[in-house]
Amino acid sequence: MANLCQMIARKALESLTILTDMVLPSETNPLNNLFGGELLARMDRAAAISARRHSRRIVVTASVNHVAFNRAIPLGSVVTVEAKVSRAFKSSMEVYIDVWVEDRESGIKTKANEAIYTFVAVDETGQPIRVPELTPETEVEIKRFEGALRRKQLSLVLAGKMKADDATELKALFTDK
Ligand SMILES: CC(C)(COP(=O)(O)OP(=O)(O)OC[C@H]1O[C@@H](n2cnc3c(N)ncnc32)[C@H](O)[C@@H]1OP(=O)(O)O)[C@@H](O)C(=O)NCCC(=O)NCCS
């Protein structure tokens, strides 16, 4: 019965994870901006919680598919990392991460960075295990869901785990009119 409950499709929103924290001096580079590795760690943590909320399993980071450091984040900034599962496959889940910086006076949040990570649910021995399907609801969730298979194939091709010829969804990008 527990296994059956774990396989019921879950909404993307159920995996939403929000981490808010400040940038401290020990987390900055020589320009007094947030160190890239520190941001990667914060994103990994939020994304892991998100994948765990979706799968209710032990999860491991399988790959970092995309990271864009579009804006530097100065010392003292309040940074919000928002992670949500965008699609679930058999044992793997794509997690989208949006990073926001909050203006002290207005309180307005501006998008600073984004990233896409892949997590795999595993059992106690580290073997991949099935996860529930994901149901996207909003326009953004649907768009991210639709692009996820293409990104999974690209990640597998780059990792040498899939032949480019087998990446049908990815190839369609270049052949479809
Ligand atoms: C991630 C891990 C469990 C995958 O194991 P594996 O033997 O490659 O297992 P599989 O080939 O069955 O792949 C499992 C799933 O991961 C996906 N996957 C594996 N490598 C991937 C990659 N580079 N990009 C995207 N997806 C990947 C597969 O497509 C498959 O997805 P699916 O089941 O949803 O179709 C294994 O490589 C591992 O334990 N890695 C270490 C994880 C870790 O310690 N992370 C922290 C880093 S310090």
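Here, each number is a calculation from the coordinates, and none is a lab measurement. Computed from a predicted structure; not experimentally measured. Reconstructed Cβ throughout: ideal geometry from the backbone, glycine too, with neighbour counts over all protein chains shown.
Placing a label point 7 Å from the Cα of A68 along the Cα-to-Cβ line, the residues of segment 85-101 whose backbone N sits under 20 Å from it are 85-87, 94-101.
Give the peptides 93-102, 139-148 in descending order of average Cβ contacts within 10 Å, highest first.
The peptides rank, most packed first, as 93-102, 139-148.
Listed by chain and number, the lysines whose alpha-carbon sits under 25 Å from that of K111, ignoring those within fewer than 8 places in the same chain, are K11, K84, K143, K152. Quick one: helix 139-158 against the long Cα principal axis of the chain, what's the angle to the nearest 10°, folded into 0 to 90? Between helix and principal axis, roughly 80 degrees. Between R56 and R130, the simple spin-label model (points 7 angstrom out along Cα→Cβ) gives 1.5 nm.
Between P25, P132, P74, which gets the highest mean-square fluctuation from a Gaussian network model of the chain, Cα cutoff 10 Å? Of P25, P132, P74, the Gaussian network model singles out P25 as fluctuating most. For the chain, DSSP calls about 95 percent of its internal beta bridges antiparallel.
For the pair K163 and T110, what calculated FRET efficiency results from E = 1/(1 + (r/R0)^6), where r is the Cβ-Cβ distance and R0 = 35 Å, to the nearest 0.05?
Values: r = 41 Å, r/R0 = 1.18.
The calculated FRET efficiency here is 0.25.
Using the Cβ-Cβ distance between T175 and L75 with R0 set to 45 Å, the FRET efficiency from 1/(1 + (r/R0)^6) comes to roughly 0.40. Which net charge results when you count Lys and Arg as +1 and Asp and Glu as -1 among the other residues whose beta-carbon is under 14 Å from that of A121? Summing Lys and Arg as +1 and Asp and Glu as -1 gives +4.
Each residue in T17, T175, T61 was given a count of other beta-carbon atoms within 10 angstrom of its own, and listing them fewest first yields T175, T61, T17. Here the chain is assigned +1 on the Cβ of each Lys and Arg and -1 on the Cβ of each Asp and Glu. Its dipole about the Cα centre then comes out at about 460 debye. Using a ≥ b ≥ c from the Cα gyration tensor of the chain (square roots of the eigenvalues), is it rounded, prolate or oblate, where a/c under 1.5 gives rounded and otherwise the larger of a/b and b/c decides, a/b for prolate? Prolate, because a/c is 1.5 or more and a/b exceeds b/c.
Across the options P128, G107, G37, the greatest Cα extent toward the positive end of the charge dipole of the chain (unit charges at beta carbon of Lys, Arg, Asp, Glu) belongs to P128.
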